[in-house]
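See structure below.
The values are calculated or read from the model by the stated rules, or taken from the named source; none is laboratory data. These numbers come from a predicted model, not from an experiment. Cβ atoms come from the backbone with ideal geometry, glycine included; neighbour counts cover every protein chain shown. Just the protein is used for accessible areas: all its heavy atoms, side chains included, with ligands, DNA and RNA removed. Shrake-Rupley method; radii C 1.70, N 1.55, O 1.52, S 1.80 Å.
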Amino acid sequence: MTSKSTTTCSEPSMPLPVPWKPHKYQITAVRFLLEHACAALLLSPGLGKSSISLAALTFLKRRGMLSKTLVIAPLRPCYSVWPREIQKWTDFYDLKVEVLHGPHKVEALAREADIYVINPEGLDWLLGAVYTKRGNKTSVSVDVKRFASLGFDVLIVDELSKFKAHDTNRFKALKLVLHTFGRRWGLTGSPASNGLMGLFGQAYILDMGNALGQYITHYRNSYFIPDRSGFVWTLAPGAEERIYEKLEPLVLRMSDDVIDMPELVENDIYVDLPTAAMVMYRELERHLITALEEGLVTAATAASASMKCRQIANGGIYLDRPIEANGLKKVRAEREWKNIHTAKIGTLRDLVDELQGQPLLVAYDFEHDVDRLRKEFPTATFACDISARKFDVVERAWNAGTIDVLFGHPASIGHGLNLQGAGNHVAWHSLTWDYDLYDQFIRRVFRQGNKHGRVFAHRIIARGTIDEVIINALRGKEVGQQALFKGILEMAKLRRSK
C-alpha cells in the first residue's frame, strides 16, 4: 500500500571490549542478587540491569554454583542486549549465550551455553504448553519433568512487568515450572506503572506467593475495595504501605538520583485540527459521551470509541471491516483506513527542520500514522522495516549520529535499546495513555551516558481532543481505562461550561 523507507544504515564497527567498571550502586545490586534467591531490581532504564545480572552470574559460575540460566526478555533485547553486553565487557567473556528464537532455536537449545535467552512468545514452545478450553476457562498443562531435565537453575525475567497479568495463559504455563529454578530474579524500571494490582503476578514469579499470597482473589480482598459493579477496585486505606512492606525484602529500588542524569524537559506543542476533521471528531465524541453519561455503553464499546477519537486526532481512522454474506465481519480482511488530515505531521516537519539534523526519535501508534509519515519523511528510518535480530545495526548508526529521524512504535522499541549516544530529542506524534510505554520510550534516549545537559520530550497535542485527556493522565501517572473515560467526561463538562 505504501513505499518502504529508502534509508540505509551503514554498519558502524563494534567497539572493542573493555573491563567492566561498576558504579557503587551496581556493586550493591550485584550483592543483593547474590544474597537473595528471589529478588527484583527496580532500576530505571540505563542503570545497567543486564550487566549487573551478568556480574552476578559470572560470580556464581566461577564458584561452580551455576548450571544454566534462562532469561525471558522482549524480542529486541534478546538479540540486541544480552549477547552484546557479554561482548562489550571483558569480565563476562567466559559466559556463552544462545538466543532461542527463529528457525534454528531447537539447535540453539541443544548447544551448551550458560545463558539461554527467549522472548515471552516463545515460552509455549520451550515449555511444551498444551491449552485445553472448557467453556470460558482454559486449563494449561506442561511437561514439567522434560523441562526440569533441561537443567535451568536460574530464571531472569527481563522487564518483569510483562508478567503483571496473572490470568494470561503465558503466566499460567510459567507458573507450573517456577519451582524448578533455584534462583528467580526480576528486572524492571516500572513495576506499578498501571497500578498496584499488577504487582501480584510479578511478585508471584519471584517467590511463588510468599509475599502477596497464592491467589489474586486473596490479594484483591486484602488490599483493595470494589465499587458497586464489582469490576473496578481501588486501594483500601493504608493498603499501599502494607503492600510495600510485604515486598521490601524482595526488591532493591534505586532511582535516577544515584547517578548524574540529564534534565528531562517536556515540551507540549499544540495544533488545531482542520474544521472538517474537528466536526468528525465532535460527532464521534458526542456519541461516546452520551453513552458514558447514560451508562448504556460497555467497556469494550467505550474503549473502541475512545480509540477512534485518538485516531482522528492523529490524522486518520480505520474503516469498518467488510461484512460477509452471513452478516459477520471478515476477521482476516486487511485493515483499510482513511487519511483525514496532516496537522500533526506538519508540526512534526517544522520540528525536524528546526532541529537541523539533530537526531530525533519519534513515536507513532497506528498503521495509517506510518502511511502519512512515510509520505512526508521518505528518507527517514522506520523501525518496523527492520527485524529484531538486525536492529543493533540501527542502534549503532543512531549512536554514531548517522540517522536524523527514527520512527518507532513504543510497544516495539520501548525496551532494550540504548540510544543515548547521539541524540537528545524524542517526539510524540501519537500519544499513549500507558505510562509504562510512555516512560520506557523516552528512556531510550534519557539514559545514563547521554552527554547532553537536557533531553527533550516534544509532545504534539491536538487541541480540544482526547490528547489533552491523555496528557493529564500521564502527568498524574493515572493510567487505565477508567482514568481515560473519567477524563473524557471532565473535558465535556469543561467545554459546556464555556
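Structural remarks
- All of (1) among the charged types (D, E, K, R); (2) under 30 Å from GLY128 (Cα atoms); (3) touching a residue at least 24 places away in the same chain (Cβ under 8 Å) hold for GLU240 with one exception: (2).
- Of the criteria (1) open to solvent by 40 Å² or more (accessible area, probe 1.4 Å); (2) touching a residue at least 24 places away in the same chain (Cβ under 8 Å), which one GLU354 fails: (2)
- At least 3 residues being closer than 21 Å to SER53 by Cα and modelled with pLDDT of 90 or more is the threshold, and among the strands (runs of 3 or more DSSP E) wholly inside the range 112-224 those reaching it are 115-118, 152-158, 183-188.
- Residue match in the range 368-375 (condition: free of Cβ contacts under 8 Å to residues at least 60 places away in the same chain, over 30 Å from LYS164 (Cβ atoms) and buried (at least 20 other Cβ atoms within 10 Å of the Cβ)): yes
- Subset of the range 138-166 that is more than 29 Å from the chain's Cα centre (by Cα) and not β-branched (Val, Ile, Thr) - its residue that is surrounded by the fewest Cβ atoms within 10 Å (Cβ to Cβ): LYS145
- Residues located in the range 185-216, provided they are under 27 Å from GLN448 (Cβ atoms) and open to solvent by 20 Å² or more (accessible area, probe 1.4 Å): PRO191, ALA192, ASN194
- Any hit, the range 251-271, residues being farther than 30 Å from VAL157 by Cβ, open to solvent by less than 20 Å² (accessible area, probe 1.4 Å), at pLDDT 70 or above and touching a helix residue (DSSP H, G or I) at 6+ places or on another chain (Cβ under 6 Å): yes
- The single condition among (1) of a type in the set (A, V, I, L, M); (2) at pLDDT 65 or above; (3) open to solvent by 40 Å² or more (accessible area, probe 1.4 Å) that LEU296 does not meet is (2).
- Here the helices (runs of 4 or more DSSP H) wholly within the range 433-498 that include at least 1 residues being charged (D, E, K, R), modelled with pLDDT of 90 or more and closer than 27 Å to ASP404 by Cα are 466-475.
- Within the range 9-28, if we keep just the residues that are in contact with a Ser or Thr (Cβ under 9 Å, 6 or more places away or on another chain) and either open to solvent by less than 20 Å² (accessible area, probe 1.4 Å) or among the polar types (S, T, N, Q) (or both), the residue that is modelled with the lowest pLDDT turns out to be SER10.
- Verdict on ALA411 being in a strand (DSSP E or B) and under 20 Å from ASN314 (Cα atoms): no
- Within the range 430-450, none of the residues are more than 16 Å from the chain's Cα centre (by Cα) and over 28 Å from ASP158 (Cα atoms).
- Residue check, LYS344 in contact (Cβ under 8 Å) with a residue 12 or more places away in the chain, basic (Lys, Arg), closer than 21 Å to LEU319 by Cα and open to solvent by 10 Å² or more (accessible area, probe 1.4 Å): no
- Selected residue (criterion: farthest from LYS175 (Cα to Cα)) from residues of the range 103-127 that are under 26 Å from the mean Cα position of the chain (by Cα) and exposed (fewer than 14 other Cβ atoms within 10 Å of the Cβ): PRO103
- Some residue of the range 71-88 being more than 26 Å from the chain's Cα centre (by Cα), surrounded by fewer than 21 Cβ atoms within 10 Å (Cβ to Cβ) and modelled with pLDDT of 90 or more: no
- Only a single item in (1) of a type in the set (Asp, Glu); (2) open to solvent by 40 Å² or more (accessible area, probe 1.4 Å); (3) modelled with pLDDT of 90 or more is not met by GLU334, and it is number (3).
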